[in-house]
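Participant: I'd like to ask some things about the structure below.
The values are calculated or read from the model by the stated rules, or taken from the named source; none is laboratory data. In this text, all values refer to a predicted model and were calculated from it rather than measured experimentally. Cβ placement follows ideal geometry from the backbone for every residue including glycine, while neighbour counts extend to all protein chains displayed. Ligands, DNA and RNA are excluded from the accessible area calculation, which covers all protein heavy atoms including side chains. Shrake-Rupley method; radii C 1.70, N 1.55, O 1.52, S 1.80 Å.
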Amino acid sequence: MDLRPYRHVLGVRELRRILVLGFFIRVPMWAGGVLLTLHVVAHLDRTYGQAGLVTAAATVAVAISGPWRGRLLDRIGLRRTVGPSLVVQAV
């Protein structure tokens, strides 16, 4: 793939930082669904259909919480919004 047309855009430091951060945020997000599926199938000895239902429920939960979390972000700031989420995900 020829990246020469993107040289000007990729030359902007802030944009490079945003692209790299976006990549590192999206990889765990998508891997979470795979890990959830494998956990349900391998460790809980359930079927892939049941794992799909659990993953679908997790996806719906993220979709519902997205706008709520966005309003919190605007109101109380990044650290106070993301901190509790990180604690819950770690548990």
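Participant: Please go through segment 12-46 and pick out each residue that is closer than 23 Å to VAL60 by Cα, of a type in the set (D, E, K, R) and either touching a His at 6+ places or on another chain (Cβ under 8 Å) or not in a helix (DSSP H, G or I) (or both).
Facilitator: ARG46
Participant: Another question, then. So which residues in segment 58-75 are exposed (fewer than 11 other Cβ atoms within 10 Å of the Cβ) and either in contact with a Pro (Cβ under 7 Å, 6 or more places away or on another chain) or not basic (Lys, Arg) (or both)?
Facilitator: Passing the criteria: VAL60, ALA61, ALA63, ILE64, GLY66, PRO67, TRP68, ASP74.
Participant: Given the conditions (1) open to solvent by less than 80 Å² (accessible area, probe 1.4 Å); (2) under 22 Å from the mean Cα position of the chain (by Cα), and given that ILE25 satisfies all but one, which numbered condition is not satisfied?
Facilitator: Exception for ILE25: condition (1).
Participant: May I pose another question? Select from segment 29-53 the residues that are open to solvent by less than 80 Å² (accessible area, probe 1.4 Å) and under 20 Å from GLY66 (Cβ atoms) and list them in ascending order.
Facilitator: Result: ALA31, GLY32, GLY33, LEU36.
Participant: Which of the residues spanning segment 37-91 are under 17 Å from ILE25 (Cα atoms), touching a residue at least 12 places away in the same chain (Cβ under 8 Å) and among the polar types (S, T, N, Q)?
Facilitator: THR59, THR81, SER85, listed by residue number.
Participant: Oh, and also: Within segment 43-79, track down each residue that is at pLDDT 85 or above and among the charged types (D, E, K, R).
Facilitator: Matches in segment 43-79: ASP45, ARG46, ARG71, ASP74, ARG75.
Participant: Count, please, the residues in segment 1-11 that happen to be open to solvent by 100 Å² or more (accessible area, probe 1.4 Å) and either part of a helix (DSSP H, G or I) or touching a strand residue (DSSP E or B) at 6+ places or on another chain (Cβ under 6 Å) (or both). So that I can check it myself, show each step before the final result.
Facilitator: First, pick out the residues of segment 1-11 that are open to solvent by 100 Å² or more (accessible area, probe 1.4 Å): 1, 4, 6-8.
Of the ones still in play, those that are also either part of a helix (DSSP H, G or I) or touching a strand residue (DSSP E or B) at 6+ places or on another chain (Cβ under 6 Å) (or both) are 4, 6-8.
So the count comes out to 4.
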